[in-house]
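A.B. asks: Dumping the structure here so I can ask a few things about it.
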Amino acid sequence: MLDKYTLDAVFSLPNEMFYPGASAVACCMIFDLSQRHEKSNRETFFGYYKEDFFTKRKGLGRIEKTDQHGNSLWTKTEEKWLDLYKNKKVVAGLSVMKKITCDDEWLAEAYMETDYSKLEDSDFQQTINDYISYLIKEGNIYES
């Protein structure tokens with residue numbers, strides 16, 4: 001693709017974007033069709049757009065969340081995401097600009113800085129619990 005086109009942007013989308021139809025993790029790529037990526041000599045915008053303020057409802061699919069006054073939480077999120085992309089803004093945890101080649105990773109997660117200050121003991125405990133549950137489910141825990 002990069003031999004003919006420029007990768008302008010990649011957006012990592014919410015994990016359950018296509019619920020209930022599919023459970024695939026999705027991303028969206030925008031290409032500039034006017035020139036080869038190498039010739040454009042510019043950075044690619046990567047957006048980590050995971051939290052869109054929709055929730056899953058059985059039988060209904062993804063439903064938009066609202067605040068206590070009934071206002072859409074998605075509308076504000078959409079405006080923010082579009083502003084980040086249009087103005088190529090870098091915001092920790094949401095977006096990054098990176099010069100890439102065809103050999104590099106094409107997802108925002110590869111270039112995002114991790115904010116360790118948000119981690120709590122409960123995060124570690126939950127991860128350990130999930131792992132132990134997985135081992136039990138798979139029959140991989142044995143008493144010695």
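The numbers here are math on the coordinates, done by the rules we state, and not lab data. Given the structure is predicted, the values throughout are model-derived calculations rather than measurements. Quick reminder, even Gly has a Cβ in these numbers, built from the backbone with ideal geometry, and neighbours come from all protein chains shown.
A.B. asks: Of all the residues that make up region 73-88, how many are closer than 11 Å to residue 52 by Cβ and touching a Lys or Arg at 6+ places or on another chain (Cβ under 8 Å)?
C.D. replies: 2
A.B. asks: If you don't mind, there's one more thing I want to ask. Tell me, which residue of region 89-99 that is in contact (Cβ under 8 Å) with a residue 40 or more places away in the chain, in contact with an Asp or Glu (Cβ under 8 Å, 6 or more places away or on another chain) and not in a strand (DSSP E or B) is nearest to residue 49 (Cα to Cα)?
C.D. replies: Looking at residues that are in contact (Cβ under 8 Å) with a residue 40 or more places away in the chain, in contact with an Asp or Glu (Cβ under 8 Å, 6 or more places away or on another chain) and not in a strand (DSSP E or B), I get 93.
A.B. asks: Ok, one more. Please verify whether residue 44 is surrounded by 14 or more Cβ atoms within 10 Å (Cβ to Cβ) and β-branched (Val, Ile, Thr), treating the condition exactly as stated.
C.D. replies: Considered against the rule, which asks whether it is surrounded by 14 or more Cβ atoms within 10 Å (Cβ to Cβ) and β-branched (Val, Ile, Thr), residue 44 comes out as yes.
A.B. asks: Only residues that are touching a residue at least 24 places away in the same chain (Cβ under 8 Å), part of a strand (DSSP E or B), of a type outside the set (S, T, N, Q) and under 20 Å from residue 87 (Cα atoms): list them for region 28-58, please.
C.D. replies: Hits for region 28-58 are 29, 31, 32, 45, 46, 47, 48.
A.B. asks: Consider residue 65 carefully, then state whether it is over 26 Å from residue 2 (Cβ atoms), in contact with a Ser or Thr (Cβ under 7 Å, 6 or more places away or on another chain) and of a type outside the set (Gly, Ala, Ser).
C.D. replies: Criteria met by residue 65.
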